[in-house]
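This report concerns only the one structure given below.
The values are calculated or read from the model by the stated rules, or taken from the named source; none is laboratory data. Note that this is a predicted model, so its numbers are computed, not measured. FYI the Cβ positions are ideal-geometry reconstructions off the backbone, even for glycines, and counts take in every protein chain you see. Each accessible area value is taken on the protein alone, full model and side chains, heavy atoms only, with ligands, DNA and RNA left out. Shrake-Rupley method; radii C 1.70, N 1.55, O 1.52, S 1.80 Å.
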Amino acid sequence: MCKECGCGETNGNTRLQFTVHGYTEDSAKEVEKALFGLPGVLFVHIHAHDGSTTVDYQPGKTKLRDIMGVFDERGLEADL
Amino acid sequence: MLAGRQGGIKMEVRVMKNVLGENDRVAAENQAMFAAKGVYVLNLMGSPGSGKTTLLEKTMQKLKDELRMAVIEGDLFTTKDAERIDRYGVPVIQINTAGGCHLDAPMVQKVAPQLDLDHLDLLVVENVGNLVCPAEFAVGEADKGVVLSITEGDDKPMKYPLIFKESAVIVLNKIDILPYCNFDRTAAREDITTLHPGANIIEVSCTQGDGLDAWCDWLRQRVAETKAQAQKG
Ligand SMILES: Nc1nc2c(ncn2[C@@H]2O[C@H](COP(=O)(O)OP(=O)(O)O)[C@@H](O)[C@H]2O)c(=O)[nH]1
Ligand SMILES: [Mg+2]
Ligand SMILES: [Zn+2]
């Protein structure tokens, strides 16, 4: 984020905090990669052991539905 | 007191959105103008010192007799980079942002009449050196590109994700100094493709010449595609 001009990647971003049930070490890695690959997703952090999953994204570029889809496709249940 | 301050913060966010919206509108106008003339425009971004101007110098050496090129140089205050371009006899327009951290679409619109668009194939806009703000402001380019150099460290893609997501081409420059740095090239490539599946990464050494042919081939291809698109109308 740039103080000079007020522009910066945190503007217009939303941070979501999910709890995801059923991660394995591998599926957590896979989910992290898939989320990062979505348009507008700028940050992902996952703790596989307790399922806590943080996603920073620009809602204008990716829909919440697409994020949920990443969990769904792998049979993971995510609570916001 | 507190309520007033919160109100102020909200206002700022709205003004910011308007600025971005206005920029996008002008960027679309610029883009349509360049596309109609079949001019391929690359918005070249990257940190100060990553090698943007050096890459342009090498590009001009290789392509200036084959493609009709022009350059717009964004710089805070000086004309140093524009002078480097001028030596190659390629038309160059200087934009000084007077401290502004990025170029924007209105700045490019203002100088565009100085370009001979009817006799131009490739326009490269060297943005102000910065890994954050330029990624947010389209200037009317067909593609964004970013130059990341080995000395900046392999953690930069994940620290500055937007610019790597937005860039159609990622030039990994200064690979000649890989042996002297702890830059993990595999990790960096992996992070870039995680952020941007299918990203086009070109490894180059501007000083030794490695990879410059692949870079020039990519430019040739985009120029040809832009021309073909313009002819279709
Ligand atoms: N070792 C090495 N140095 C390079 C390479 N490319 C550029 N440089 C040097 O990096 C410095 C900054 O380059 P410059 O083109 O001015 O970077 P800019 O600020 O991104 O435009 C200069 O001293 C260049 O000579 C490269 O491939 N290898
Ligand atoms: Mg430069
Ligand atoms: Zn800025």
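Determine the relative contact order of the range B:22-228: mean sequence separation of Cα pairs under 8 Å and six or more apart, normalised by residue count, in whole percent.
Working: 396 pairs, mean separation 56.0, N = 207.
Taking the mean separation of contacting Cα pairs over the length of the range B:22-228, I get 27 percent.
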Go through the range B:167-207 and flag every residue whose accessible area shrinks by 50 Å² or more with all protein chains in place compared to the isolated chain (probe 1.4 Å). B:T194
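Of the heavy-atom accessible surface of the range A:14-79 (probe 1.4 angstrom), what whole percent is carbon and sulfur? Let's see the in-between values first.
Values: 1770 of 3480 Å².
For the range A:14-79, the apolar C and S fraction of the accessible surface comes to 51 percent.
Considering every Cα-Cα pair within the protein assembly as shown, what fraction, in whole percent, is farther apart than 25 Å?
On the way: 26392 of 48828 pairs.
Considering the protein assembly as shown, 54 percent of its Cα-Cα pairs are separated by more than 25 Å.
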Counting only heavy atoms of the protein chains, get the accessible area per residue of the protein assembly as shown (1.4 Å probe) and round it to a whole Å² value. 48
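Suppose only helical runs count, i.e. DSSP H with n ≥ 4. What mean residue ellipticity at 222 nm does that imply for chain B under -39500 (n - 2.57) per run, divided by all residues and rounded to the nearest 500 deg cm²/dmol?
Values: 8 runs with 103 residues, N = 233.
Estimated from H runs of four or more residues: -14000 deg cm²/dmol.
Could you state how much accessible area is buried at the A-B interface, both sides summed, with a 1.4 Å probe, in Å² to the nearest 100? Could you put the intermediate results ahead of the total?
Details: alone 5100 and 11430 Å², together 15120 Å².
Interface between A and B: roughly 1400 Å².
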In chain B, which whole DSSP H runs stretch at least 18 Å along their own axis (Cα) and average -0.5 or higher on the Kyte-Doolittle scale? B:2-36
Roughly how many percent of the accessible protein surface of chain B is carbon and sulfur, given a 1.4 Å probe and a whole-percent answer? 52
Relative contact order, percent, of the range A:14-79 when contacts are C-alpha pairs under 8 Å separated by at least 6 residues? 43
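Using only the heavy atoms of the protein chains and a 1.4 Å probe, how would B:H196, B:H102, A:H45 rank by accessible area, largest first? Provide the component values of the computation, followed by the final result.
Details: B:H196 40, B:H102 20, A:H45 85 Å².
Largest accessible area first, the residues go A:H45, B:H196, B:H102.
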Considering protein heavy atoms only and a 1.4 Å probe radius, which residues within the range B:113-134 exhibit an accessible-area decrease of no less than 10 Å² in the full assembly relative to the chain by itself? B:V132, B:C133
Projected area, mean over directions - chain B, Cα convex hull, nm²: 14.6
Under 18 Å from the 7 Å Cα→Cβ point of B:V19, by amide nitrogen: which residues of the range B:106-140? B:106-109, B:128-140
Test item: B:135-144 mean partner chain Cβ contacts at 10 Å: 1
With 5 Å bins from 0: P(r) over the range A:14-79, alpha-carbon pairs, percent: 4, 20, 35, 27, 12, 2, 0
